[in-house]
1. Which number gives the lysine pairs in the chain that have C-alpha atoms under 26 Å apart and are eight or more places apart or on different chains?
2. What ranking, highest mean first, results for peptides 90-99, 61-70, 181-190 when packing means the other Cβ atoms within 10 Å averaged over each residue?
3. In a shell of Cβ-Cβ distance under 13 Å around residue 95, excluding residue 95 itself, what net charge do Lys and Arg (+1) and Asp and Glu (-1) give?
4. Of 203, 41, 229, which is farthest on the positive side of the dipole of the chain, counting Cα position, with +1 on Lys and Arg Cβ, -1 on Asp and Glu Cβ, and the Cα centre as origin?
5. About the Cα centre, and with charges only on the beta carbon of Lys, Arg (+1) and Asp, Glu (-1), how big is the dipole of the range 183-238? Nearest 20 debye, please.
6. If you add up the charges near residue 28, with Lys and Arg at +1 and Asp and Glu at -1, over every other residue whose beta carbon is less than 13 angstrom from its beta carbon, what do you get?
7. Using helices alone, what [θ] at 222 nm do you get for the chain, with -39,500 (n - 2.57) per DSSP H run of 4 or more residues, divided over all residues and rounded to the nearest 500?
8. I'd like the antiparallel share, as a percent to the nearest 5, of DSSP beta bridges with both residues in the chain.
Amino acid sequence: MPRTLITGGAGFIGSHLCDRFVAEGHDVICMDNFITGRADNVAHLIGNSRFQLIQYDVTNFIHVEGDLDYILHFASPASPIDYLELPIQTLKVGALGTHKALGLAKAKGARLLLASTSEVYGDPKEHPQSETYWGNVNPIGIRGVYDEAKRYAEAMTMAYHRYHGVETRIVRIFNTYGPKMRATDGRVVSNFINQALKGEDITVYGEGNQTRSFQYVDDLVEGVYRLLMSDEVDPVNIGNPDETTILEFAKEIVALTNTTSKIIFEPLPKDDPQVRQPDISKARRILDWEPRVPRSEGLRRTMEYFQAELVNA
Ligand code: UDP
């Protein structure tokens, strides 16, 4: 049985990874300090002999007893309002947490996959963004704590690979949505769906002409799995190239939910990237991967999840 540590395993994406790796027959250790992760996300796995949940902050030395084959380093605040509220923790987990996770990978001879982000491209001057683009990031801006932490994490990962020979993989994740996002995490998908379901105003920031490209979480999980099992050391974009403006997206949510909510406009946060769309030719070529779930279907499943959460609240 492969044994796999997932840091941030109780978070939105981490919890989906726990499900997938348990289903693949791995023994999974889920580590989370619960600052943005939630035990509820993995509650259904408690009692499964293949699954262990440990509350721990991975910015400290990580001790795991026994062998480890894989480490998926997904611990980090990941939504803009979270990393604005937790700037130091965000920097620490990207820097110190990645260092500790790599040290553990080296000690155990495990393969480590780093969760990086499209934010390494910043407010991009190249569109769509391919892995060869170096990015346009403001290091001292409000988003810099996340962007630079992830850029540092990539650099540290490559250093452990080159200097210590650790087997590493880097996934650059583009905007991802789906069940188990926090309703209050401030991201556009969770905000718009919850506003629509509650009949509240839908808050478009700026004029809504900025673009994003949203991928459903199951597609991401498949991409991460394939990348981990591949030989590719350099970063790989995993995202859905289906690009939309935020205003169009708001209208889509209004139609999907049949809501009476009005669309209103609020100030655009500082350094908000104007465009974002992954170039996924590399993932197509080397992983034979591409997104399968269209936005209409993914949003319907996500809406059902939030609807049930509202009923249970
Ligand atoms: N956004 C918005 N209304 C909201 C939340 C976000 O218009 O209630 C915009 C935000 O300014 C950005 C885009 O939606 O342009 C995506 O924001 P999100 O926080 O989901 O992720 P980002 O891609 O910026 O990290």
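1. Qualifying lysine pairs in the chain: 24.
2. By packing density, highest mean first, the sequence is 90-99, 181-190, 61-70.
3. With Lys, Arg at +1 and Asp, Glu at -1, the net is +1.
4. The listed residue farthest towards the positive side: 229.
5. With Lys and Arg at +1 and Asp and Glu at -1, about 220 debye.
6. Its environment carries a net charge of -2.
7. -11500 deg cm²/dmol
8. Percent antiparallel among DSSP bridges in the chain is about 10.
FYI, it's all coordinate maths here, none of it is from the lab. Quick caveat, the model's predicted, so the values are computed rather than measured. Every residue, glycine as well, gets a Cβ built from its backbone with ideal geometry; the counts of neighbours run over all protein chains shown.
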